[in-house]
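Single-structure report; data block below.
The values are calculated or read from the model by the stated rules, or taken from the named source; none is laboratory data. Small disclaimer: the values here were computed from a predicted structure and weren't measured. Quick reminder, even Gly has a Cβ in these numbers, built from the backbone with ideal geometry, and neighbours come from all protein chains shown. All accessible areas refer to the heavy atoms of the entire protein, side chains included, with ligands and DNA or RNA removed. Shrake-Rupley method; radii C 1.70, N 1.55, O 1.52, S 1.80 Å.
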Amino acid sequence: MVGFRIEGYVIVSADGMLANADHVMPDALKFEGDKRFFTAALDRADLIVHGRNSGENQPNAPKRKRLILTRGVPSLARDASNPNAVLWNPDGAPFEEACRFAGVASGTVAIIGGPVVFDMFMDRYDAFWLSQAPLVRLPGGEGCFPGVPERTPQQILEAHGLKAGEPQMLEAEDGVTVTPWRREAA
Ligand SMILES: NC(=O)c1ccc[n+]([C@@H]2O[C@H](COP(=O)([O-])OP(=O)(O)OC[C@H]3O[C@@H](n4cnc5c(N)ncnc54)[C@H](OP(=O)(O)O)[C@@H]3O)[C@@H](O)[C@H]2O)c1
């Protein structure tokens, strides 16, 4: 996408879940190494985009510009509770207009969930950073993308033109890694 670099971030269980059956991200999916990686990425981003239940809940969160998806507004509105946040209904305004409304004309945009929000950008990611916790299973949980667990997150990223790079270890004790999935040059 011209003017913006789009990057996605998620941590998933071995079975591809980003939350448990109650739609809550359990402590079992929270790791210090992944938190450090995610925090550094968000501190570098120019804009963060997420659904109403997927805010990052970190000390630096109030400083970061963000678009919060909700059908509670017709198109775009300032968030009365946060001067750095814009409420966005994609049915009423395209992404570029939402970015302009948030005061961001270019730079890196971090997409941080949930599943429907990840899916909206699936053909636009320059990179998707897939963190995995191989010792955690969340049967009956919420798949990280629509179509998980019928397909794996990796199969879905690949089907959208992304290719896996070298995994980096984030937390050796639990085998938690992050793999960059990058779009191949056309
Ligand atoms: N493991 C991870 O890395 C990770 C990453 C992200 C999220 N999570 C967790 O996963 C769970 C995700 O929660 P969730 O399924 O409720 O997803 P969510 O995307 O955070 O929230 C869904 C809400 O976002 C709004 N929304 C989503 N798509 C929209 C669209 N196309 N147009 C307008 N509004 C839209 C709607 O808000 P309204 O109801 O206001 O209309 C909808 O109810 C949370 O527990 C979160 O903590 C985990």
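Counting 0.36 nm for each residue step from GLU96 to VAL24 and taking away their Cα separation leaves a gain of 22.9 nm. Using a cutoff of 8 angstrom between alpha carbon atoms and counting only pairs six or more residues apart, the relative contact order for the chain works out to 32 percent. By a 1.4 Å probe calculation restricted to protein chains, LYS35 has an accessible surface near 90 Å², given to the nearest 10.
Using only Cα atoms, find the angle between the long axis of helix 32-44 and the longest principal axis of the chain, and express it within 0 to 90 degrees, rounded to the nearest 10. For helix 32-44, the angle is close to 30 degrees. Summarising the strand pairing of the chain, around 45 percent of its internal DSSP beta bridges are antiparallel. Taken over the C-alpha atoms, the chain has Rg and Dmax values of 15.9, 47 angstrom. For the pair GLN168 and GLU184 in one chain, pulling the backbone fully straight at 0.36 nm per residue adds 3.8 nm over the alpha carbon distance.
At a 1.4 Å probe radius, which order do ARG124, ARG66, ARG137 fall into by accessible area, largest first?
Most to least solvent-accessible, the answer reads ARG137, ARG124, ARG66.
With a ≥ b ≥ c the root eigenvalues of the C-alpha gyration tensor of the range 106-173, is it rounded (a/c under 1.5), prolate (a/b larger than b/c) or oblate? Oblate.
Computed over protein heavy atoms with a 1.4 angstrom probe, the accessible surface ordering of VAL116, VAL10, largest first, is VAL116, VAL10. Dipole of the chain computed with +1 at Lys/Arg Cβ and -1 at Asp/Glu Cβ about the Cα centre; of GLY103, GLY3, GLY161, farthest Cα towards the positive end is GLY103. Residues of the range 53-87 with an amide N closer than 19 Å to a point placed 7 Å from the Cα of VAL116 along the Cα-to-Cβ direction: 53-56, 67-77, 86-87.
Judged by the mean number of other Cβ atoms found within 10 Å, the most tightly packed of the peptides 99-108, 71-80 leads the ranking 99-108, 71-80.
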